[in-house]
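The values are calculated or read from the model by the stated rules, or taken from the named source; none is laboratory data. Here the structure is a predicted model, which means the values were calculated and not measured. We place every Cβ from the backbone using ideal geometry, glycine too, and count neighbours over all the protein chains shown.
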Amino acid sequence: MKRIYVLARISFVLLTSIYLISCKNIEDQNGEPGISPNLSDNIKTEEAYPGDYGILKKGKLFGQTISYSEVYGRAVFEGDIILTPDQLAGEASKAREAATGTSLSTERWTNNTVYYTIDRALSNKDLVQQAITHVQNNTPLKFVLRTTQANYVTFTPARGFSSSVGMIGGQQFIELGGGFTAGNVLHEIGHTVGLFHEHTRTDRDQFININLANVAPAAQHNFQTYQAKGLAGFDFDVMDIGSVMMLDPYAYSNNGKATMTLANGKIFGVQRDHLSTQDIRCITVMYANLYVTLNDRLYAVNASNGLKTEIGSAWGGTEAVTSDANFIYAVRVDNIWKTNKFNGKVTALAHDYSGTKQMAMYKGDLYVIKNGNLLRINTTTGVSTNVGGQIWLPATSMSACYGFLYIVSGDVLYRVTPETGVYVAVASGYLGVKETAAINQTLWFLTKTFLFKIYPMNGYSAQVDYNSWANSAQLTGFDGNIYVINGDYLYRVDNEGYRTYLSAGWNGASHITANDNIH
């Protein structure tokens, strides 16, 4: 297996919170990272206060000591990131450990939705809309004009460029300097949804030179790696010079000379035209709701367009999969494995579970059927508790819905109270049903190649579409839709049964799982 069950071919840094550094493009034939003839070395560096470095100070960010500049009473980190007093409070309880992921949902935008307003004083509002449309068309994120929502971002005019990183709570700002472009907006949106600058990777010295002699002393902290800042993180793969988050080679120069060059001494170019391929992949990893095992790989899937990003290898032989907002749980090689969605770190949660085919999440606990026994497993300790007796040997499917577990066992669908294991038969005629999924307090299932939904409290069921599905089709549900892999194709099916084709390339998929990123 690859190191930390590598998010294969993805390049990003996961800082102590969810913050991801943007990703890599494929190396060109000369071995230079992400070099493209369309890049420019004349991109204006995004700075909150251009030419004004303020006073160098130290503080705490997520429990780690960092250097930042205090300019006009504001804490400026890496030149264009504004830190709030709460973020700098330095409380030990706020320290994040990437390996645990205990706070990974805290700074992601709830339900993948960024609520926003645009200051009336901002000119060129169409450039903001261009950037928003580009992000929406290429990532799982949605931008919605704010009405009364508590957490939102305001695009506003300012002397320079700045934003916060991630959702910090309440109103936050993307500040845009005069003459801004849609690319500058993209860069600041990158920070707002969780990206740091590409040049702060720990492996950057393999690809670029940092020329601190050309940097004003008060700005040199902007060139520290996240590791040098004391922030725990992970690098995956190599740098992406083509990332919209990469700074130009003259950033923070105090003498007109390059502050960064390629390792061979050449000047490189950067771009502010679009999210790079790997920027898109990284944001997809951060905000995906949908996950698929295909052959021996695990993929995060953008549910809006079906495009997939590989986030793990060595998944061959997986017997069952489920997920919550931060982790993916899988039965594989006799163990239940717990995979952090954002940094790829895998830990063995529990042992001796070979043959387990049914898994479901309910109120933060993992439920599995092992040798006919329903078990509740603590997702932190792996300790299991038997729920009821050994009565589920014929079970073929299990889903959580409407406060209960629903188990297909033999020909019967049962409703099971998760806390006690008390069960009642709901309906018969379910022999052979292996795929069930829950949305909108209804349970969906495939039988005899057709898709049905059942109202589980009364057992009433109805066929919802008349498309023929393969017996091997896989399904899951979230956000009011069912997602079905049918042969080579991925479809989205709405609550009325209308299906939409999303993407191809899914032959060999063995499991699909989803969750709502609501926290």
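Annotations
- Top-ranked residue in the stretch 418-473 [being assigned to a loop (DSSP other than H, G, I, E, B) and either among the hydroxyl-bearing types (Ser, Thr, Tyr) or not assigned by TED's automatic domain parsing to the domain that holds residue 507 (or both); ranked as surrounded by the most Cβ atoms within 10 Å (Cβ to Cβ)]: 430
- Of the residues making up the stretch 264-289, those that are under 23 Å from residue 79 (Cβ atoms) and not in a helix (DSSP H, G or I) are 267, 268, 269, 270, 271, 272, 273, 274, 275, 276.
- Of all the listed residues (148, 133), the sole one being modelled with pLDDT of 90 or more, hydroxyl-bearing (Ser, Thr, Tyr) and part of a loop (DSSP other than H, G, I, E, B) is 148.
- Residue 349 closer than 21 Å to residue 512 by Cα, touching a strand residue (DSSP E or B) at 6+ places or on another chain (Cβ under 8 Å), in a strand (DSSP E or B) and among the hydrophobic types (A, V, I, L, M, F, W, C): yes
- Looking at 323, 354, just one residue is hydroxyl-bearing (Ser, Thr, Tyr) and more than 21 Å from residue 301 (Cβ to Cβ), and that residue is 354.
- Listed by first and then second residue, the pairs with beta-carbon distance under 8 Å, at least 6 apart or on different chains, first residue in the stretch 118-132 and assigned by TED's automatic domain parsing to the domain that holds residue 176 and of a type outside the set (Ser, Thr, Tyr), second in a loop (DSSP other than H, G, I, E, B) and surrounded by 15 or more Cβ atoms within 10 Å (Cβ to Cβ), are 124/180; 127/180; 127/181; 128/122.
- Single unsatisfied condition, residue 501 versus (1) among the aromatic types (Phe, Trp, Tyr); (2) part of a strand (DSSP E or B); (3) crowded, with 20+ Cβ neighbours inside 10 Å: (3)
- Top-ranked residue of the stretch 278-307 - restricted to ones that are of a type in the set (D, E, K, R) and surrounded by fewer than 24 Cβ atoms within 10 Å (Cβ to Cβ), ranked as farthest from residue 140 (Cα to Cα): 296
- Within the stretch 324-337, tally of residues that are under 10 Å from residue 366 (Cβ atoms) and surrounded by fewer than 22 Cβ atoms within 10 Å (Cβ to Cβ): 1
- Test: residue 378 is over 32 Å from the mean Cα position of the chain (by Cα) and not charged (D, E, K, R): no
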